[in-house]
Amino acid sequence: MPYLIPVVGLLIGLFVGLRTQWTLPPEFAQYLSISVLAALDSVFGGVRAGMEYEFDLSIFVSGFFTNILLAAGLTYIGTLLGVDLYLAAVFAFGVRLFQNLAIIRRLGLEQLRKRRAVKRAAEQKAEK
């Protein structure tokens, strides 16, 4: 169940974000979008680590903020240089996000298959 920590954090963040009446100036939309992508990458990585029983809260929290700062920093430097550097971050975090999602899906299916096999074995044992 340790994979629930990042999911609960995401849900709390979404709830607080949707309940506030705060608006972001349009010139910061690019920074916010890349930061959200980096945060989602961290959340999916945390869920994956939890499903693999390797979740470490300090690694999750440090990675969460490091990813966000790196993504926002690349976007800022790219803006100063007049180059769309944020696209590199979008690509990198996007690839990792889909990889983590694929692994989460695979691990979930494996857990479901194991539960079904245990249930079937228990039913067969009960029939005997």
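In µm²/s, what is D for segment 4-127 at 10 °C and 1.306 mPa s, where D = kT/(6 pi eta Rh) by Stokes-Einstein and Rh is the Kirkwood radius from Cα pairs?
Working: Rh = 16.7 Å.
Translational D for this selection: 95 µm²/s.
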GluC sites (Glu not before Pro) within segment 40-116: DSSP coil, no more than 13 neighbouring Cβ in 10 Å: 52, 54
Quick check: the angle from helix 86-127's long axis to the longest principal axis of the chain, C-alpha only, nearest 10 degrees? 10
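What percent do you get for the relative contact order of segment 4-127 when only Cα pairs under 8 Å and 6+ apart count? Walk me through the numbers before you get to the answer.
On the way: 83 pairs, mean separation 35.6, N = 124.
RCO, segment 4-127: 29 percent.
Please arrange 77, 34 by counting, for each residue, the other beta carbons lying within 10 Å of its beta carbon, fewest first. Each step should come with its number before you reach the end.
Values: 77 12, 34 25.
Ranking 77, 34 by Cβ neighbours within 10 Å, fewest first, gives 77, 34.
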Least to most buried among 47, 16, by other C-beta atoms within 10 Å and fewest first, runs 16, 47
Calculate how steeply helix 57-81 sits against the longest principal axis of the alpha-carbon atoms of the chain, using the helix alpha-carbon long axis, and give the answer as 0 to 90 degrees to the nearest 10. 30
Out of segment 19-105, which chymotrypsin sites (Phe, Trp or Tyr not before Pro) are coil in DSSP terms and have no more than 10 other C-beta atoms within 10 Å? 22, 53
Compute the angle between helix 29-51 and the longest alpha-carbon principal axis of the chain, please, reported from 0 to 90 degrees and rounded to the nearest 10. 20
How much length, in nm to one decimal, is gained on full extension between residue 69 and residue 128, taken as 0.36 nm per residue of separation minus their Cα-Cα distance? 15.2 nm
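Read-outs throughout are calculated quantities, based only on the coordinates presented, and are distinct from any laboratory measurement. This is a predicted model, so every value here is computed, not measured. Cβ atoms come from the backbone with ideal geometry, glycine included; neighbour counts cover every protein chain shown.
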